[in-house]
Amino acid sequence: MKKVILSLGFMLSMALVGRIQAQGTTTADPTNPNAADIVFETEVIDYGTIEHNADGNREFKFKNTGKEPLIISNSTGSCGCTVPTWPKEPIKPGETASIKVHYATDRIGAFEKTVTVTSNAKTPSKVLKIKGTVKPDPTPAAPATPVTPATTTTPEAPKR
């Protein structure tokens, strides 16, 4: 009986947390013709083929083409190797700004990651993409010196 009550209490609390989080997000009024509108110069940034540990910083430039201030409430990368930074202050109508993205270029090989931008724009969620290839490190790591087992000699037993 205790397990059933605890399970129901847990499910109720999770539903309540989800409801509170949903209420806290910033979304545009779909019937508002004057709502902010975010227009990006490009929605895909191609890093091309870059060196290992190269500069991983890029920018997505955008403009608020709406009639109300644009407020970006969140911006998240698809993994820990993609870190976006967005303007915290409102962007007035007609103004431009940018979302800076840092990709960890210490990871070798092809990559394709996304950045999801949440705002009060007419389209409240926008997905941007970065892609490219990181070359292997041209200086190979020094080979590890092989460990040779120490030779141990066992003392001879004393003769009697």
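Computed from the coordinates by the stated procedures, all read-outs in this text should not be read as laboratory data. Keep in mind it's a predicted model, so treat the numbers as computed, not measured. Virtual Cβ from ideal backbone geometry, glycine too; neighbours counted across all protein chains shown.
Annotation: of all residues in the stretch 34-52 being in contact (Cβ under 8 Å) with a residue 24 or more places away in the chain and in a loop (DSSP other than H, G, I, E, B), the one that is nearest to the chain's Cα centre (by Cα) is 43. When the stretch 88-103 is limited to residues that are part of a loop (DSSP other than H, G, I, E, B) and in contact (Cβ under 8 Å) with a residue 24 or more places away in the chain, the one that is farthest from residue 39 (Cα to Cα) turns out to be 92.
Within the stretch 53-87, can you find the residues that are assigned to a strand (DSSP E or B) and surrounded by fewer than 15 Cβ atoms within 10 Å (Cβ to Cβ)? Across the stretch 53-87, the qualifying residues are 57, 59, 61, 74, 76, 85.
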